[in-house]
Amino acid sequence: DGSNINFIVNHHPSKYGGEEESEARRNAAMETLRNICDSLGRDNIVAMGDFNDTPDGNQFGLVGDILENKGLPLHQEHEGSIRYKGKWELIDFFMVSSDVRSSEMEVVRIPFLMTYDRKYPGEKPLRTYSGPRYIGGVSDHCPIVLKVY
């Protein structure tokens, strides 16, 4: 209909050093996202990326009145975008403003982007590096897609 959509690409701080110790950094990133949404007028917003926490994390309440978390239903179904120690976790997802709510998210698992995990049997994304060793993959995260209707 000719209206603009504002895309905000996120890569929030990890839980390295411990979840509790890193909480302030993740909250600060979420406050920054909230401020950006406020500056944009809270409309036509798609925030996406690696939030380094699952969609049920406490910090997402800081934007809950502005953005709908499209990853929450998938998380509740145990869907994931990364596999850590044999367990799928959803840390890559979309959050959308109310005018973009007629949308759905999916995690894409394309065979050539996956590899067999010998340590924790099952498939996992084929990463680019393992430490300093190049192994030729694309990412340790699966791609995510947002379908807007």
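Accessible area per residue of the chain at 1.4 Å probe, in Å²?
Details: 8830 Å² over 149 residues.
Result: 59 Å² per residue.
Carbon-plus-sulfur accessible fraction, the stretch 5-137 (probe radius 1.4 Å, protein heavy atoms only): 50%.
The Cα-based radius of gyration of the chain, divided by its Kirkwood radius, gives an Rg/Rh of 0.99. For the stretch 101-149, the Kirkwood radius over C-alpha pairs fed into Stokes-Einstein at 10 °C and 1.306 mPa s yields D = 130 µm² per second.
Extension gain, Ser3-Glu68: 0.36 nm per intervening residue step, less the Cα-Cα distance, totals 21.4 nm. Of all beta bridges DSSP finds with both residues in the stretch 1-137, what is the antiparallel percent, to the nearest 5? Antiparallel bridges make up about 70 percent of those DSSP assigns within the stretch 1-137.
Would you work out the relative contact order for the chain, in percent, from Cα pairs under 8 angstrom that are 6 or more residues apart?
Details: 263 pairs, mean separation 29.7, N = 149.
Computed over the chain, the figure is 20 percent.
Here's the picture: a label point sits 7 Å out from the Cα of Asn44 along the beta-carbon direction, and within the stretch 133-149 the residues with their amide nitrogen under 17 Å of it are 148-149. If you look at the Cα atoms of the stretch 34-113, you get an Rg and a Dmax of 13.3, 41 Å.
Pairs exceeding 24 Å between alpha-carbon atoms, taken from Lys15/Lys87; Lys87/Lys147; Lys15/Lys85; Lys119/Lys147; Lys15/Lys147: Lys87/Lys147; Lys119/Lys147; Lys15/Lys147.
Sort 14-21, 3-10 by the packing proxy (mean of other Cβ within 10 Å over each peptide's residues), most packed first. Could the numbers behind the result be given before it?
Numbers: 14-21: 10.9, 3-10: 12.5.
Ranked by mean Cβ neighbours within 10 Å, highest first: 3-10, 14-21.
Would you calculate a helix-derived [θ] at 222 nm for the chain, using -39,500 (n - 2.57) for each DSSP H run of n ≥ 4 and dividing by the full residue count, to the nearest 500?
Details: 2 runs with 26 residues, N = 149.
For the chain, the value works out to -5500 deg cm²/dmol.
The values are calculated or read from the model by the stated rules, or taken from the named source; none is laboratory data. Since we're looking at a predicted model, the values are computed, not measured. Backbone-built Cβ (ideal geometry, glycine too); neighbour counts: all protein chains shown. What goes into the accessible areas is simple: the full protein's heavy atoms, side chains included, and nothing from ligands, DNA or RNA. Shrake-Rupley method; radii C 1.70, N 1.55, O 1.52, S 1.80 Å.
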